[in-house]
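Below: the structure, in structure tokens.
Please treat every number below as a calculation from the coordinates, not as lab data. Note that the coordinates shown come from a computational prediction; the quantities given were computed from them, not determined experimentally. FYI the Cβ positions are ideal-geometry reconstructions off the backbone, even for glycines, and counts take in every protein chain you see.
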């Protein structure tokens, strides 16, 4: 709680604080637990990203993977899970494993391997954030690593060609999204009213799929058919990332923001009842325009239309 | 697809005594437990080239009628198409949980077993290399094991486990067992009264870890810390494997090479 900790990670766009799922997970967790983090996004400077991002630097320790960063934050008493029972903690671990096995390959594919997406969106975006000579090399390297990972973990026989592997990983990802949607149901977060580690991970994986505008978007279209997951992402963006949703770089955050976030958390907790009553009103502006026509309907009509869109 | 389960269904794995490794034995035992729980008889046949016969390159695989299916996931679906399922009674949220826990076991326990077998130098030298190539003459045995080791190490590097030390891997195993133990609690099975494919999978891995002698006992000690998990394994062993002396590899696990469960 002494010196603020610094997090280096990829920046954001399209309304997200970061495009990189792991960076997003760490940022979300920091917001949920009230940890004062100074976020440095990688921009076009000579401080080249060394190794994997996100990286947390706290006094002398440098920690790099999201799981380890979260552990470190918990040890520093920034724990978003203290209200969870042991069984819920076990469930968290299981669902994170599910996300990594089933959803991550398709996410990597959409960002780094799908040719149209990679060439028109991902590569230019990342290249613009990295200093000159490295920008020619690093996005290609990240793409090759993603392809390697997918082929080694999913590409064994009898799936011999990349197209068959692709079909399989998208099937798995859609099933995973359906499972998450069923597990979330109608509650605000996965374990009741307060967000926890699992919410941070799910948000980290889902938000890029949801918000980034790619030419090839089969996963995003599937996600949009699951309104409770979309609402989940939007809620977290508006409640916890309100200061950065307008697209400012979050580099200016300091401890005052952390206090503001804590206050926001308390206010959220207490105003839950009011929020539930205002649910209809709150949900409507966040949905795509085609739903505006149902605004005028009675509450019953509004309820039934999202439900009927749930894919089996 | 609507044929009844034939009498001569067979499950293929590597040679029990000399060749099979920790991770393959765990997967094979999981499938055997699953089939026992569904009450579907199957003979266990041990062949040195089981890995190459398998359609996906992984053991075990089952040969039923004129179809060959490998690995627990596809086998569960195949058995379901024949009309037998253990998880029909679960609601949607429970099914999601079951899938999540199965991924946890695959992600952590199976990967830890693979790490221990192929990336820990002492174990590789003393146990894995001699066992893996044992049915073949020199130099084929060394070539095959080096090839497999290279493959597994590449995969470990891709998923980020290559940088882990043995202590970190054992920590992960401990975390996984802790989660499983918490989820099991005091119930007889993971979803209370009825066993499901999750119980079969967990049994396969934990029983194998507990009854296989490795260089050190650290891995089995991690599991032994959780008494409800050892009781769970004992219960499934007694219920599903006691009456089948001949072919069950669980019984063979009590033979000289491996330490006892009790």
>> Modelling each spin label as a point 7 Å along the Cα-to-Cβ direction, I'd like the residue B:153/residue B:67 distance in nm, to one decimal.
In response: 4.0 nm
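So for chain B, averaging the separation of alpha carbon pairs under 8 Å that are six or more residues apart and normalising by length, what relative contact order in percent results? Before the final figure, lay out the partial values.
On the way: 335 pairs, mean separation 62.6, N = 262.
Value for chain B: 24 percent.
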> Hey, quick one: spin label on residue A:13, modelled 7 Å out along Cα-Cβ, who in segment A:119-137 has an amide N within reach, i.e. under 14 Å?
Replying inline: A:119-130
> Which whole-number percentage describes the relative contact order of segment B:1-129, with Cα contacts under 8 Å and a sequence gap of 6 or more?
Replying inline: 27 percent
> Can you give the calculated 222 nm mean residue ellipticity of chain B, where each DSSP H run of n ≥ 4 adds -39,500 (n - 2.57) and the sum is split over every residue, rounded to the nearest 500 deg cm²/dmol?
Replying inline: -15500 deg cm²/dmol
> Between residue B:53 and residue B:228, how many nm apart are label points set 7 Å from Cα along the C-beta direction?
Replying inline: 4.0 nm
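Where does each of B:176-185, B:67-76, A:68-77, A:196-205 land if you order them by average Cβ count within 10 Å, highest first?
The densest-packed peptide leads the list: A:196-205, B:176-185, B:67-76, A:68-77.
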> Rounded to the nearest 0.05, what FRET efficiency do residue A:262 and residue A:6 have when you use their Cβ-Cβ distance and R0 = 35 Å?
Replying inline: 0.95
>> I need the per residue convex hull volume for chain B, using only the alpha carbons, in cubic angstrom as a whole number.
In response: 130 Å³
> What does the average come to when, for each residue of peptide A:81-91, you count the partner chain Cβ atoms lying within 10 Å of its Cβ?
Replying inline: 4
>> Sort B:203-214, B:112-123 by the packing proxy (mean of other Cβ within 10 Å over each peptide's residues), most packed first.
In response: B:203-214, B:112-123
>> Using a 10 Å cut-off around each Cβ of peptide B:179-191, what is the average number of partner chain Cβ atoms that fall inside?
In response: 3
> Expressed in nm², what is the orientationally averaged projection area of the convex hull enclosing the Cα positions of segment B:1-118?
Replying inline: 7.7 nm²
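Arrange A:101, A:164 by Cβ neighbour counts within 10 Å, fewest through most, would you?
The order, fewest Cβ neighbours first, is A:164, A:101.
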> With r defined as the distance between the Cβ atoms of residue A:220 and residue A:186 and R0 fixed at 35 Å, what FRET efficiency is calculated, to the nearest 0.05?
Replying inline: 0.95
> With contacts defined as alpha carbon pairs under 8 Å and 6 or more residues apart, what's the relative contact order of segment B:83-190 in percent?
Replying inline: 26 percent
> Any idea how far apart residue B:193 and residue B:136 come out in nm if each label point goes 7 Å out from Cα toward Cβ?
Replying inline: 5.1 nm
>> From the P(r) of segment A:5-241, could you give the percentage of C-alpha pairs in the tail past 30 Å?
In response: 24 percent
> What average count of beta carbons from other chains do you get within 10 Å of the Cβ of residues in B:217-224?
Replying inline: 0
